[in-house]
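Down below is the structure, laid out as structure tokens.
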Amino acid sequence: MPGASSGGHPPIVVLTGAGISRESGLATFRDPDGIWARFRIEDVATPEAYARDPERVLAFYNARRRGMTADDVRPNAAHLALARLEAEWPGGVTVVTQNIDDLHERAGSRNLIHMHGELLKARCTSCPDVRPWRNDIRVDHACPACGALGALRPHVVWFGEIPLGLDAIDTALGACGLFVSIGTSGNVYPAAGFVRQVRMLGRARAVELNLEPSEGATLFERARYGPASETVPAFVDDLLARGLAAAG
Ligand code: APR
């Protein structure tokens, strides 16, 4: 029976948010200097905003994509530690990220679910095509697959849309013996509800690694607060040295 055991190496699910990429130079959303302190969600991150003013929405994501692909934006020690955990943990590790950057992939994580999409991919609104896209998306672009003009959007889940990979996430949460939440404020569902889901199943321990207590902090049995580039490598070292007992 997969799941928590007194010690051992059960499957692990790691949820990450913008805080894990902060020390790589990417802004978070709800910190005082965050993205939602400078932009309104309803202007740039909803299907209605895209229908109303596609150029404004595309410009918002073009600027974030340029920032994300800058030479000095690289995976930090936290991303690298999660890739090491995946490579060395016998029970398997699934990283569920709310982030739309590619820092987990670049760090070496493979078993990865981008539940809010990926900014370095483009999606066509006229056909099912989704493909890597590292440059600006413009309203005069034609879809390379179907030729539709002005139909391209970032492959990003907007507010009001259904996140991606929810079935696979549900399966992973149901089987895990350890749930670790890293760098997320616990404000946005369904991600913010994963800890409750795991606690209800009663088979996994829940640990929060964040700069400060999140909205859901009281739902975690253990927490380590500080910058992810410090807390995540230390926690991974502990897990690899002591197994699940490290989360005790
Ligand atoms: N190390 C660890 N945690 C950090 C660091 C750091 N260096 N810097 C900030 N944090 C923490 C903050 O304390 C905060 O709790 O990361 C969290 C970031 O929270 P948000 O800005 O709300 O980002 P996130 O939780 O990922 O947002 C979820 O909301 O806007 C939508 O789609 C967007 O995916 C995003 C979702």
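The values are calculated or read from the model by the stated rules, or taken from the named source; none is laboratory data. Just so we're clear, the structure is a prediction, and the values are computed from it rather than from any experiment. Please note: Cβ atoms are built from the backbone with ideal geometry, for glycine as well, and neighbour counts cover all protein chains shown. Remember, those area values only see protein heavy atoms, side chains included, never the ligands or the DNA or RNA. Shrake-Rupley method; radii C 1.70, N 1.55, O 1.52, S 1.80 Å.
Each eigenvalue of the Cα gyration tensor of the range 181-226, multiplied by 5 and square-rooted, gives one semi-axis; in descending order these are 16, 13, 7 Å. Placing a pseudo-label 7 Å from each Cα along the Cα-to-Cβ vector at Ala142 and Ala27 gives an inter-label distance of 3.5 nm. Label-to-label distance for Leu149 and Glu230 is 5.6 nm, based on points extended 7 Å past Cα in the beta-carbon direction. Measuring spread by the Cα atoms of the range 151-220 yields a radius of gyration and Dmax of 13.6, 45 Å. A viscosity of 1.306 mPa s and a temperature of 10 °C, combined with the Kirkwood radius over Cα pairs in Stokes-Einstein, give a translational diffusion coefficient for the range 132-248 of 94 µm²/s. For the range 88-150, the direction-averaged projected area of the alpha-carbon convex hull comes to 5.3 nm². How are the alpha carbon pair distances in the chain distributed across 10 Å bins from zero to the largest one, expressed in percent? Histogramming the chain at 10 Å steps yields 7, 31, 34, 19, 7, 1 percent.
Taking every alpha-carbon pair under 8 Å whose residues sit at least 6 apart, the chain reaches a relative contact order of 25 percent.
Sorting 190-200, 128-138 by average packing, meaning the other beta carbons within 10 Å per residue, from highest down gives 190-200, 128-138. Ala246 sits among other residues whose Cβ lies under 13 Å from its own Cβ, and their net charge, with Lys and Arg +1 and Asp and Glu -1, is +1.
When the Cα atoms of the range 25-110 are aligned to their principal axes, the ranges along those axes come out at 49, 26, 23 Å in descending order.
Summing +1 for each Lys or Arg and -1 for each Asp or Glu among the other residues whose beta-carbon sits under 14 angstrom from that of Pro47 gives -1. Once the Cβ-Cβ distance of Ala168 and Glu88 is raised to the sixth power relative to R0 = 25 Å, the FRET efficiency obtained is 0.65. In this structure the range 93-183 gives 40 Å² per residue of accessible area when probed at 1.4 Å with all protein chains present.
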